[in-house]
Amino acid sequence: MIKLFKIELKKILTYKIFWILAGLYFVFLGLGIILGEHIINNWVDAVNRHIPLPLPHVTLYFFPDVWQNITFFAGIRYFLIFPAIVVIILITNEFTYKTIRQNIINGLSKGDVLLSKLAVILSFSIIITIVVGVAAFILGTLNTDKAGITLMMTKFSFVPAFFLEIFSFLILVYACGFLLRNTGLAIGFFTLYVIIIEPVLYHLLKINALQPNNISPYLPVNSIIRLVEYPAIASLKKLMGIALQDHVSLLHCAIAAGYCALFIGLTIFVINKRDL
């Protein structure tokens, strides 16, 4: 896999659009993380001007909740569209510029091509997770008094859960790119599905399905973002009695991993049946 990753890295170094989009993603991600608390509290102030019982300000950057809060905001579907577009471009450019055929002629198998893109997605997911984890650690350290190891690590499980979330999301993108092959079509369809189609389908199923047989939470994107489903805003939980997420669900992890296996398998099946 290392050899395949080196081949991919040579391609990536020549893609200016990759570096531009990746740079924009990390810039917006950093701004979202740093300004998140300020933005939310400005919204709280605006709401408080119109309600008799004022909502309290929220605090996001303290241990152990900082792990959950930062990974939640980093995993919002609108943020995930950026790395999704990057991955789609990396995959569909292979078909646009016929480099995938050249790779096959040069001795790579279809399996090698698929594996090389998986290596890129894995590496990209690890880098994003490290950036988010380091940001959470720094913010938690700066905003928490006398944070011991036990307190600091209590909710650290949200970080590997976020890795599974971003990796699973990009696997959906991976399948979309290989199945549709056209950059504009793949970006348009995937963005439309994530932002409009699945949210609408989710609410329709949620309204019409009888509990506990409601399948709406198990739609692909929704299943993945449920790994870190809510922030840990203690003040709102205390005021409103809301039961929000306080741990990573192994069931949700298993569902996300299942979708990874399903879409990788689907991609392998289709690619083996098609000419490249």
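How many residues are without any contact (Cβ under 8 Å) to a residue 12 or more places away in the chain and open to solvent by 60 Å² or more (accessible area, probe 1.4 Å) if we restrict to the stretch 256-273?
Looking only at that region, the number is 4.
Residue by residue through the stretch 42-64, note down the ones that are part of a helix (DSSP H, G or I) and open to solvent by less than 20 Å² (accessible area, probe 1.4 Å).
Answer for the stretch 42-64, where residues must be part of a helix (DSSP H, G or I) and open to solvent by less than 20 Å² (accessible area, probe 1.4 Å): just VAL44.
Under 8 Å between Cβ atoms, which residue pairs at least 6 apart in sequence (or on different chains) link something in the stretch 198-211 that is within 17 Å of SER223 (Cβ to Cβ) with a partner that is modelled with pLDDT of 70 or more and β-branched (Val, Ile, Thr)?
As it stands, the answer is GLU198/VAL221; LEU205/ILE215; ALA209/ILE215, since those pairs meet every condition given.
Condition first: out of contact with any Ser or Thr (no Cβ under 8 Å at 6 or more places or on another chain), β-branched (Val, Ile, Thr) and open to solvent by 10 Å² or more (accessible area, probe 1.4 Å). Now tell me which residues in the stretch 143-183 satisfy that.
Scanning the stretch 143-183 gives THR144, ILE149, THR150, THR154.
Evaluate the following for ILE128: is it closer than 23 Å to PHE167 by Cβ and out of contact with any Cys (no Cβ under 8 Å at 6 or more places or on another chain)?
Criteria met by ILE128.
Across the stretch 101-129, what is the total count of residues that are more than 17 Å from ILE268 (Cβ to Cβ), without any contact (Cβ under 8 Å) to a residue 60 or more places away in the chain and open to solvent by 40 Å² or more (accessible area, probe 1.4 Å)?
Counting residues in the stretch 101-129 that are more than 17 Å from ILE268 (Cβ to Cβ), without any contact (Cβ under 8 Å) to a residue 60 or more places away in the chain and open to solvent by 40 Å² or more (accessible area, probe 1.4 Å) gives 6.
Cβ-Cβ distance below 6 Å, separation of 6 or more or different chains: which pairs start in the stretch 243-255 with a residue that is within 18 Å of TYR218 (Cα to Cα) and in a helix (DSSP H, G or I) and end on one that is of a type in the set (Ser, Thr, Tyr) and open to solvent by less than 40 Å² (accessible area, probe 1.4 Å)?
ILE255/SER223
Would you mind stating whether ILE85 is touching a residue at least 40 places away in the same chain (Cβ under 8 Å), assigned to a helix (DSSP H, G or I) and open to solvent by 20 Å² or more (accessible area, probe 1.4 Å)?
yes
If the requirement is being exposed (fewer than 15 other Cβ atoms within 10 Å of the Cβ) and at positive phi, which of these qualifies: LYS10, LYS98, LYS16?
Result: LYS98 is the single residue among LYS10, LYS98, LYS16 that is exposed (fewer than 15 other Cβ atoms within 10 Å of the Cβ) and at positive phi.
Regarding the stretch 20-35, can at least one residue be identified that is in contact with a Ser or Thr (Cβ under 7 Å, 6 or more places away or on another chain), open to solvent by less than 50 Å² (accessible area, probe 1.4 Å), part of a helix (DSSP H, G or I) and not polar (S, T, N, Q)?
no
The values are calculated or read from the model by the stated rules, or taken from the named source; none is laboratory data. Note that the structure is a prediction, hence the values are computed from the model and not measured. Positions of Cβ are backbone-derived with ideal geometry, glycine not excepted, and every protein chain shown enters the neighbour counts. Surface accessibility is based on the protein's heavy atoms, side chains included, excluding ligands, DNA and RNA. Shrake-Rupley method; radii C 1.70, N 1.55, O 1.52, S 1.80 Å.
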